[in-house]
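Have a look at the structure below, then the notes.
Taken together, the values in this text are just the output of simple stated rules run on the coordinates, not laboratory data. Model, not experiment: these values are computed from the prediction. Reconstructed Cβ throughout: ideal geometry from the backbone, glycine too, with neighbour counts over all protein chains shown.
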Amino acid sequence: MAVLVIASAQIDKELYQKLLGDIAWEAQRPEGAIFHCAAFDQAGVVHVVDVWESEEAAVRHFERHVLPVFMERKLAAPKLSMMPVHDMAAHEGIELFRL
């Protein structure tokens with residue numbers, strides 16, 4: 001069953017881009033990843049929303065790729081929330097927002 005993962009961390013945009021490169025999310029799509037989106041609030045907290053094919057795929061990626069990068073840089077681990085997807089739609093035009 002697909003899951004929605006919301007992760008939040010106190011990092012700025014520059015560090016987010018470095019971490020994204022370290023994790024290599026864009027260079028090679030993680031197994032089970034369906035969707036990824038990141039946004040920053042006014043307090044400088046990044047909020048990442050991912051959709052994964054399964055909870056196992058999400059946990060595996062977090063434990064093998066995300067957490068080690070945060071630990072290596074001595075950063076607090078992101079706060080995670082995970083829940084089963086009830087409904088999901090991607091409408092025409094979503095590709096316009098690909099960065």
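So the values come out like this:
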{"quantity": "Region 4-99: relative contact order in percent, alpha carbon pairs under 8 Å with at least 6 residues between", "calculated": "38"}
{"quantity": "On Cα atoms only, tilt of 13-23 relative to the major axis of the chain in degrees", "calculated": "80"}
{"quantity": "Radius of gyration and maximum dimension Dmax of the chain, Cα, Å", "calculated": "13.4, 40"}
{"quantity": "Neighbour cut-off at most 13 other Cβ (10 Å), DSSP loop, GluC sites (Glu not before Pro), region 21-99", "calculated": "GLU26, GLU31, GLU92"}
{"quantity": "In the chain, trypsin sites (Lys or Arg not before Pro) in a DSSP loop with at most 15 other beta-carbon atoms within 10 Å", "calculated": "ARG73, LYS74, ARG98"}
{"quantity": "3J(HN,Hα) from dihedral phi, region 68-73, Karplus parametrisation 6.51/-1.76/1.60, rounded to Hz, x for glycine, proline", "calculated": "x, 5, 5, 5, 4, 8"}
{"quantity": "Gaussian network model of the chain, springs between alpha carbon atoms under 10 Å - residue of GLN17, GLN28, GLN42 with greatest fluctuation", "calculated": "GLN42"}
{"quantity": "Potential extension, ILE34-MET71 segment - 0.36 nm per residue separation minus Cα distance", "calculated": "10.8 nm"}
